[in-house]
1. Within 14 Å of chain B (Cβ to nearest Cβ), part of a loop (DSSP other than H, G, I, E, B), surrounded by 18 or more Cβ atoms within 10 Å (Cβ to Cβ) and charged (D, E, K, R): does that describe A:ASP68?
2. Which one of C:VAL351, C:VAL334, C:VAL325 is more than 29 Å from C:GLU239 (Cα to Cα), free of Cβ contacts under 8 Å to residues at least 24 places away in the same chain and either in the same structural domain as C:THR197 (by TED's automatic domain parsing) or in contact with a helix residue (DSSP H, G or I) (Cβ under 7 Å, 6 or more places away or on another chain) (or both)?
3. What pairs can you find where one residue is in segment B:563-582 and within 10 Å of B:MET278 (Cβ to Cβ), the other is of a type in the set (Lys, Arg), and their Cβ atoms are less than 7 Å apart, with a gap of 6+ or different chains?
4. Check every one of the helices (runs of 4 or more DSSP H) wholly within segment B:377-468 and list those with 2 or more residues that are within 29 Å of B:HIS225 (Cβ to Cβ).
5. Would you check which residues across segment B:170-219 are assigned to a helix (DSSP H, G or I) and closer than 30 Å to A:PRO71 by Cβ and list them?
6. Could you name every one of the helices (runs of 4 or more DSSP H) located completely within segment C:301-386 that has at least 3 residues being within 7 Å of another protein chain (Cβ to nearest Cβ) and touching a His at 6+ places or on another chain (Cβ under 8 Å)?
7. What pairs can you find where one residue is in segment B:458-480 and under 19 Å from B:ILE509 (Cα atoms), the other is polar (S, T, N, Q), and their Cβ atoms are less than 6 Å apart, with a gap of 6+ or different chains?
Amino acid sequence: MDTIIENELVKELANKHGRSRESLIPILQDLVVSNRFLSKQDMVDVARELDISAADVFGTATFYTFLDTEPRGKYVIRICKTISCAMKGKNEILSTIEEILKLNLGETTPDRKFSLLEANCIGWCHKAPAMLINDTPYTELTPEKVTEILREYIKK
Amino acid sequence: MVNLSINGMQVKVPEGTTILEAAKTQNFRIPTLCHHDDLCVAGNCRVCVVEQLGAKALVAACAAPVSEGMQILTNSLKVRSARKHIIELLLSEHNADCTKCYKNGKCELQDLSNEFSVGDHLLLDLCNIKDYTIDRFSPSIQKDDSKCIRCQRCVRTCEQLQGVNALTVAFKGDQQRISTFEDLSMAEVICTNCGQCINRCPTGALVERTYLDEVWDVILDPTKHVVVQTAPAVRVGLGEELGFEPGDRVTGKMVAALKRLGFDSVLDTDFTADLTIMEEGTELLTRLKQALVDKDPGVALPMTTSCSPGWVKFIEHAFPEYLPNVSTCKSPQQMFGALAKTYYAQVRKLDPKDVVSVSIMPCTAKKYEANRPEMRSSGYKDVDYVLTTRELARMIKQAGVDFSKLKEDKYDSIMGASTGAAVIFGATGGVMEAALRTAYELVTGREVPFEGLNITPVRGMEGVRQASVLIEDCKEEWSFLNGVELKCAVAHGLVNARELMNGVKSGDINVHFIEVMACPGGCLGGGGQPIPTNEKIRKKRTEAIYAEDMSMEIRKSHENPEIIGIYKDFLGEPLGHKSHELLHTHYTERVRY
Amino acid sequence: MGAKHVKRVDLIFEKAECREILEKIMKMEPDEICQEVLESDLKGRGGAGFPTGLKWRFTNQEKDPVKYVVCNADEGEPGTFKDREILDMVPEKVFCGMAIAGRAIGAKIGYVYLRGEYKFLIPKLNEHLIKFHQAMDEFNHNFRIQIRLGSGAYICGEESALFESIEGKRGEPRNKPPYPTTSGLFGKPTTINNVETLVHTVMIMKYGASHFKELGTKDSRGSKVFSVSGDTPKAGIFELELGMSVDEFVQEFGDGDTKAVQVGGASGFCVPRKKFDETIIGFEGVPTGGSMKLFNSTRSMYNVLHNYLDFFTEESCGQCTPCRVGCQQLLKGVEAVKRGDKNSKYLDELVKLAKTMKRASKCGLGQSVGNAFGSIVENFKEEIIY
């Protein structure tokens, strides 16, 4: 029934971070770095490795906005929507990105390359509007600047 | 000791006492929702907030320990205003369809709202904006998110009491909800259907899947012959729903009521409990013989009981490598069902397709068990409908039967006679005790060496218990057991079952026979029993079970005349061909989550 | 009262010789260190303002041999970005501050809980951490620091939620008491301090408590790093003396048309123009973790309020009723009033609800929603209704 296929990556991460409960979030974080989200199978395998329930893994993961349990693209764009960025033209930036990538907020491009999401204050209020693409912040955005940034990513 | 004042009254309590407990000593009941006697403190509903003079914020009475000189007001203006708001908030995200709701009249949110006369919809209705789901996929449990107040009692129950962890709190903010792995339905995850979550849910968010209407339909169908079986634990719990106290035995009244509801034959699961002892006892002795005489290295010991379907599903998910150790015997419910449409139908000269078999159980997992695909040995679905103790009480009320005034009645036959050994199945340790009473006598020809046949070492509320019986001076054919110390272990509550199985796995626990009941206290604390439940109530029910045992004429399963009869007339011998066909089953390995 | 002008200070970002300071504190007794910090009257710079010396003393007095130092780098309050700058510019001082705390309370292990949005700082932090541990080895001092990352949860800035997160669980705040000094990370006595607070302790060890007390007011000693944003020509990070009035602040940082200043982020207070003069930025007036946002007359305070309520509705951990449902009620409530579905009297109901949230919520998040809500509704009612 449940033929256990070895999950190499999960095993490797458990070896790196340990197998106690406090190892859970570092493991999930590294899984997201590799796969951009937490798949059902990965969560089951982590649960098995740490000897905790899969529901526990799911409940913990879904608490954290960056530990996506829905499939995301290779590059996850998170635009700050909190007040300073909202005041300084975040909506325009959002529209620009939507237009260039032919994407709506919350969606992922068909080639699985880009996902577009909103985030809460990412700590660049003096250089608003700002966004993160994966772990890299981009600030003082203008439609032109964003176009340039995306062009570089599209080439990758 | 700590000195404090509550509502102006001086109180002296030990250090570490919570404000809630301290108030109780002064006969002040502070309302709560997320608090439960069986569970650890949560402090999240905030209903129990009280005023502490000098503090900026209100404090949660259930979580805050008392401190020297503390001055508490439990019903001040600030407290009342906060409490009203909190109830308003809860109602605003609650689907209050009380007139249709199964928990109407027994809902803690309803009681609280009524206490504070809340219902004017002062705030916005958040319920219709949300995307709620009702999970009806499980045959045992219904989960309705629109009624959830997020007290997390169910999560704590599943985690601490049962160690199953099928439920979790997921997401956060306005998306926060009680859910399962990947938001799957209860039917698709490790949920064992034990229903302990239902017993502790304050509202109608978690209730059993009910089959009342279906059962009324068949009772009122003149072409159907409806037989009903009643589990041991029902007779010591049913009374609580119908005006009696916990611990009151209502067996006779229950039978009388069932007859008045219109069942064609009122029979007893206790009968097949006795049958289970015959089959399972023989199975154990057979395995022991294989181990000790044939020296078969492949024999699966320890053997575990299989009458608790919550336990069976648990082991299928969590310890599938031990499935060979589980007794192949069906549970008494399922043995009954298989026989109802074969043996019973034969004797009564009925066409089995017109026989409908209903069972009254203290259990919600039995509903799942009855629907298992392998439970069709009779050629039909062996048990058609399973009702909980709570559902039966509802039917009795619906029929307008004045339960307390009923004159006691007796079970019908065949399959209605039972023994004291059978009724103790309802308590943790009972199956073990019943099995020992029979097996010991079978092997030695003597009664078990315990006063009054009461094998007290296997009784009690300790989570995991071990006991042993030395077997000597056996009958000729059982001589291989001479000098063998038969070692047993008993666990109740799945968190203890897990501990026990881990002990077996590691080798720390080395026994021959294991009894596991999924529910704390055994079946008497089952998911289908009256709500509320707590240690005191379960203790009272336990006392009732053993009192019932003492009151029975026959105390050992093998002396039940109807049992002797069914082997003579129908089955042949334990583990014989017919038994294997009808009374034994197999198990399925399931996913870990 | 406050300073006659806004006084800039340069203590936090001053490059300091951490080795010397470490050498000095290695020779001091734990009690001595607690005493010095206590005398300085330093209060927590994360926003809560608990006296740091007192916190260290309480933890010091616990008998448990295992204790922890935690650096709260989960800066998530909207408008706060000063800890990012501190970690980027002077990480060695942050680690030094943790070592001082460790010596003061008797801890061998320290954790830096860094918000996930600042993950890009990790390479630099690791580089400095290696040097720090080398220094620890040289001084023969058994104190090791680990960095743990957050993953996008504002509530993890709350001390007990932060512990839960390090422990591998959902960041749900705990019941208090017990307090972190008694039972914190892994149930052990813990001192948890803001990034900036720790750097202040380094400077206090360097220059002494009296030097620190020369700045600020009786209730708000010393200097503080502010993060200024919004309608201002001078957006950025500034270390200023505490105790100035909002009016003085606006004179320095405003664009000439300042209508309101949000002091303390979404969980802070909105100060309207008419109250600039009488409001002090400090623990005796309106405290802040550093976030200062200026709004001019082109800004709709309804949009501001809506933005904050939306933020809280999403970031609430969800466990307690007043916060989980209350935030949603406040958000949907102001929307309904704006739309005209509810009349203006409904706002009064919501203000009462916000008061309940302040009194009955389990943690600071729920307790603070009412601050912004109350102050914006009270001072800008017309903008909410029409």
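The values are calculated or read from the model by the stated rules, or taken from the named source; none is laboratory data. Keep in mind that what you see is a predicted model, and the values were worked out from it rather than measured. Methodologically, a virtual Cβ is constructed for each residue, glycine included, from the backbone with ideal geometry; neighbour enumeration extends over all protein chains shown.
1. yes
2. Exactly one residue qualifies, and that residue is C:VAL325.
3. B:LEU571/B:LYS578
4. So the answer is B:389-398, B:420-423.
5. B:GLY173, B:ASP174, B:GLN175, B:PHE181, B:GLU182, B:ASP183, B:MET186, B:ALA187, B:GLU188
6. C:345-360
7. What qualifies is B:GLY463/B:ASN496; B:VAL464/B:ASN496.
Residues checked against (1) at pLDDT below 95; (2) part of a helix (DSSP H, G or I); (3) closer than 20 Å to B:ASP409 by Cα; (4) not basic (Lys, Arg):
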site: B:ASP221; (1), (2), (3), (4): no, no, no, yes
site: B:VAL228; (1), (2), (3), (4): no, no, yes, yes
site: B:GLU240; (1), (2), (3), (4): no, yes, yes, yes
site: B:ASP248; (1), (2), (3), (4): no, no, yes, yes
site: B:ARG260; (1), (2), (3), (4): no, yes, yes, no
